[in-house]
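The values are calculated or read from the model by the stated rules, or taken from the named source; none is laboratory data. These numbers were taken from a predicted model, which means no experiment stands behind them. Virtual Cβ from ideal backbone geometry, glycine too; neighbours counted across all protein chains shown. The protein model used for the area step is the full one, side chains on, heavy atoms only, and it has no ligands, DNA or RNA in it. Shrake-Rupley method; radii C 1.70, N 1.55, O 1.52, S 1.80 Å.
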Amino acid sequence: MKRMMLLLLCLMMALPAGALADGAVTNFTLQGYQMGFSYSFDCDEEYVALEYATDAESGRMVLYSADGHFEGEGILQCTYASSKLRATVKTLKEKDLAKASATIPKSAMPEAAVEQEKVEKKVSKVNDLVCTPVQGGAHIEFTAEGHESVLIKYRSTQQRGETILYPGEDYTYSMDIPMPYTYAKQNIYIDVCRLSGSVLAEGQTYCGYELTAQETEVTPGRLTGVTVCIDPGHQGTHRTVTEPRGPGLSGSVSSSGGMAQGVVTRRKESIVVLEVAYLLRDELMRQGANVVMTRDSEEQWLSNIDRCNVAEQAGADFMLRLHCDNRENQNAYGIGIFCPLASTYAKEVAEYEVYKVWADALLAGMKRSVGYEISEKTGRTYFNNNYVGNNWAKMPCFLIELGFMSNNREDQLMSHPHYQQLLAEGMAQGVYDVAVIQGLIQ
Ligand SMILES: [Zn+2]
C-alpha cells in the first residue's frame, strides 16, 4: 500500500504544476436528436476543440471548462435525412484526443420542399442571390427553381463550412449562416452550388459582428483615484509614418503598422487587442479607475507619438499598450512585457531597477490569472529603446504582448472570451499591485 502511494506521488511529481500536458479524454458520450446533438466528456485540458460532421454539414467549436467536465449541445440546421454524426475532441494543438459517433434521426423537411419534390419545374439558374450581414453571421436569400436542394459553401479568413439547404415555398431559399469565430471587417464569401459542387451563384458580404463599446460606470473601488490609458495596438488601416525614436535618443523609426495574424484563427492582432482592451477597460472601471483609450474602433488611426499624447493629456498614471506577438518558431508562447530603457522621459519616470520591479509585478499578476507558472519559460520583461510609443511616454509605460499568434494554442486562447477576461483581470490586478508599490494607493 505504501509503495502504491509512493508510486502515485512520484507520478504526480513528474507533472509540474502548470505544465501544458496533452490531456486524455474519458467518458465521451455523444447523443443525436433531430436537428442537433449533445456531448459530454471529461478531460484535464482547460480548452479543447470539438469538430463534428454529418452528411450535410460540419463545424468546429472551441470549448472551455474550469473543472475538467465538458457538456453542451450543438445545433444542426440542415441535416434532415438520417445521418451519422462523427465528432472528434482535439487539443488546441490539433492532436486528436477522442472520437465518438451517433445517429441523427430523420426529421421533417420544410413542407414546401416536400411538396415541390413532386412538381416538375424547369431547373433554372440562381441570379437573385442577396447576402446581408446579421449579428454573428450572414443571411442569404435566393430562388432556385427546380432545385430540390443546394449546397452552400461559405468562408471567411477565420472559418469555413458547407451545408445542404432545402427550399421553402416557390423554391425560395433562405438561411442565417452562423459564423461565431468571424469578427468585424471580415469578408464572407458564399457559393451556391449543385450537390455535385458546380457553382450556381457567388455572393459576398461582411460579418455583422460589430465591436461595440459596452457601457460601464466607474464605481468606487480599490483603484479609485488611479487613471489608466489603454492603448490597443495597430488599427484596421495601415499608413507608413516616420517618427523620432524618442527624447534623448538618436535617429527615427519608420513604422508601417504591420501586425500579427492568428496561425489558426487568421484573426488580426488589431481586433484581438481591441476586444481585450474593452474587457480591461470595464474591469478597471469596476474597480474604480478612470480609463482613457487611445482608440476604441478599428478605423481610428494614430501614430505612436499620438498615442503617448492621449495618455499625457488624460493625466494617466499608467499606460498599458496591448499587442500580440508573432515568431517563426511556432512553439514559442508566453506573455512578454516591454518597457523603455534610456529615453529622457523613461529615466524621469524611474530608474531601471525600480521600473523593473513594476514590470515584474504586472507580469506576475497576469500569469497568476491565466494559470501560467511564474518562470521565464512562460515569458519575461524586457527593457530597450526599440519602441517609439514607449520612449515618448511620460508615465510608467508597459507594452504587453498578450501571447503569440504564431502559436496554435495561444492564438485560439486569445480569441476565447474566457481567456480574454482572465487576461483583463490579470492586468487589472497588476495595475493594482504596481500602484500599491508606488504608494499611489493604500
Ligand atoms: Zn503589435
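Quick check: is even one residue across segment 324-334 assigned by TED's automatic domain parsing to the domain that holds ARG281, surrounded by 19 or more Cβ atoms within 10 Å (Cβ to Cβ), touching a strand residue (DSSP E or B) at 6+ places or on another chain (Cβ under 9 Å) and of a type in the set (D, E, K, R)? Lay out the reasoning, then the answer.
Of all residues in segment 324-334, those assigned by TED's automatic domain parsing to the domain that holds ARG281 come to 324-334.
Checking the rest, the ones that are also surrounded by 19 or more Cβ atoms within 10 Å (Cβ to Cβ) come to 324-326, 333-334.
Pick out the ones that are also touching a strand residue (DSSP E or B) at 6+ places or on another chain (Cβ under 9 Å) and you get 324-326, 333-334.
Pick out the ones that are also of a type in the set (D, E, K, R) and you get 325.
For segment 324-334, residues assigned by TED's automatic domain parsing to the domain that holds ARG281, surrounded by 19 or more Cβ atoms within 10 Å (Cβ to Cβ), touching a strand residue (DSSP E or B) at 6+ places or on another chain (Cβ under 9 Å) and of a type in the set (D, E, K, R): present.
Condition check for ALA314 on (1) under 25 Å from ILE437 (Cα atoms); (2) among the small types (Gly, Ala, Ser); (3) under 13 Å from the mean Cα position of the chain (by Cα): one failure, at (3).
Name the one entry in GLY221, GLY236 that is out of contact with any His (no Cβ under 6 Å at 6 or more places or on another chain), within 14 Å of the ligand (Cβ to nearest atom), farther than 21 Å from PHE338 by Cβ and not charged (D, E, K, R). Within the list GLY221, GLY236, the selection yields GLY236.
Scan segment 373-390 for residues that are away from the ligand (no atom under 16 Å from the Cβ), touching a residue at least 12 places away in the same chain (Cβ under 8 Å) and either crowded, with 17+ Cβ neighbours inside 10 Å or not in a loop (DSSP other than H, G, I, E, B) (or both) and the total you get is 5. Report the residue count in segment 407-438 for those that are at pLDDT below 95 and small (Gly, Ala, Ser). Qualifying residue count for the region: 1. Take LYS90 and tell me if it is open to solvent by 20 Å² or more (accessible area, probe 1.4 Å) and either under 21 Å from the mean Cα position of the chain (by Cα) or farther than 21 Å from GLY161 by Cα (or both). Criteria met by LYS90.
Based on what the data block shows, is THR344 of a type in the set (Val, Ile, Thr), open to solvent by 40 Å² or more (accessible area, probe 1.4 Å), in the same structural domain as ARG307 (by TED's automatic domain parsing) and touching a residue at least 60 places away in the same chain (Cβ under 8 Å)? Yes: the conditions hold for THR344. Within segment 250-268, the set of residues being surrounded by 20 or more Cβ atoms within 10 Å (Cβ to Cβ), of a type in the set (A, V, I, L, M) and away from the ligand (no atom under 12 Å from the Cβ) comprises VAL264 only. Annotation: of all residues in segment 320-355 being assigned to a loop (DSSP other than H, G, I, E, B) and among the charged types (D, E, K, R), the one that is nearest to the ligand (Cβ to nearest atom) is ARG327. Please verify whether segment 273-286 includes one or more residues that are within 16 Å of the ligand (Cβ to nearest atom), free of Cβ contacts under 8 Å to residues at least 60 places away in the same chain and in a loop (DSSP other than H, G, I, E, B). Within segment 273-286, none of the residues are within 16 Å of the ligand (Cβ to nearest atom), free of Cβ contacts under 8 Å to residues at least 60 places away in the same chain and in a loop (DSSP other than H, G, I, E, B). Candidates in segment 1-26 are the residues that are over 16 Å from THR88 (Cβ atoms) and either touching a helix residue (DSSP H, G or I) at 6+ places or on another chain (Cβ under 9 Å) or modelled with pLDDT of 90 or more (or both); of these, the one that is least open to solvent (accessible area, probe 1.4 Å) is GLY18.
For every residue, the table says whether it meets (1) away from the ligand (no atom under 16 Å from the Cβ); (2) of a type in the set (Gly, Ala, Ser); (3) on the phi < 0 side of the Ramachandran plot; (4) in a strand (DSSP E or B).
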site: LEU195; (1), (2), (3), (4): yes, no, yes, no
site: THR216; (1), (2), (3), (4): yes, no, yes, no
site: SER270; (1), (2), (3), (4): no, yes, yes, no
site: VAL291; (1), (2), (3), (4): yes, no, yes, yes
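When you scan segment 147-163, how many residues do you find that are open to solvent by less than 40 Å² (accessible area, probe 1.4 Å), within 14 Å of LEU200 (Cα to Cα) and touching a residue at least 40 places away in the same chain (Cβ under 8 Å)? Before the answer, list the steps.
Taking segment 147-163 first, the residues open to solvent by less than 40 Å² (accessible area, probe 1.4 Å) are 147, 149-152, 154, 156, 158-159, 161, 163.
From the residues that got through so far, the ones that are within 14 Å of LEU200 (Cα to Cα) too are 147, 149-152, 154.
Now narrow it down to the ones that are touching a residue at least 40 places away in the same chain (Cβ under 8 Å): 147, 149-152.
Residues flagged as open to solvent by less than 40 Å² (accessible area, probe 1.4 Å), within 14 Å of LEU200 (Cα to Cα) and touching a residue at least 40 places away in the same chain (Cβ under 8 Å) within segment 147-163 amount to 5.
Condition first: open to solvent by 20 Å² or more (accessible area, probe 1.4 Å), closer than 22 Å to TYR80 by Cβ and assigned to a loop (DSSP other than H, G, I, E, B). Now tell me which residues in segment 45-69 satisfy that. Matches in segment 45-69: ASP55 only. When we screen SER156, SER196 for residues that are closer than 21 Å to MET109 by Cβ and at pLDDT below 95, the only hit is SER196.
Per-residue answers, yes or no, for (1) surrounded by fewer than 24 Cβ atoms within 10 Å (Cβ to Cβ); (2) assigned to a loop (DSSP other than H, G, I, E, B); (3) more than 25 Å from the chain's Cα centre (by Cα):
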{"residue": "MET395", "(1), (2), (3)": "yes, yes, yes"}
{"residue": "ASP411", "(1), (2), (3)": "no, no, no"}
{"residue": "LEU422", "(1), (2), (3)": "yes, no, no"}
{"residue": "GLU425", "(1), (2), (3)": "yes, no, no"}
{"residue": "ALA428", "(1), (2), (3)": "no, no, no"}
{"residue": "VAL436", "(1), (2), (3)": "yes, no, yes"}
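Within segment 293-313, the set of residues being open to solvent by less than 40 Å² (accessible area, probe 1.4 Å), within 16 Å of the ligand (Cβ to nearest atom) and assigned to a loop (DSSP other than H, G, I, E, B) comprises THR294, ARG295, GLU298, LEU302, SER303.
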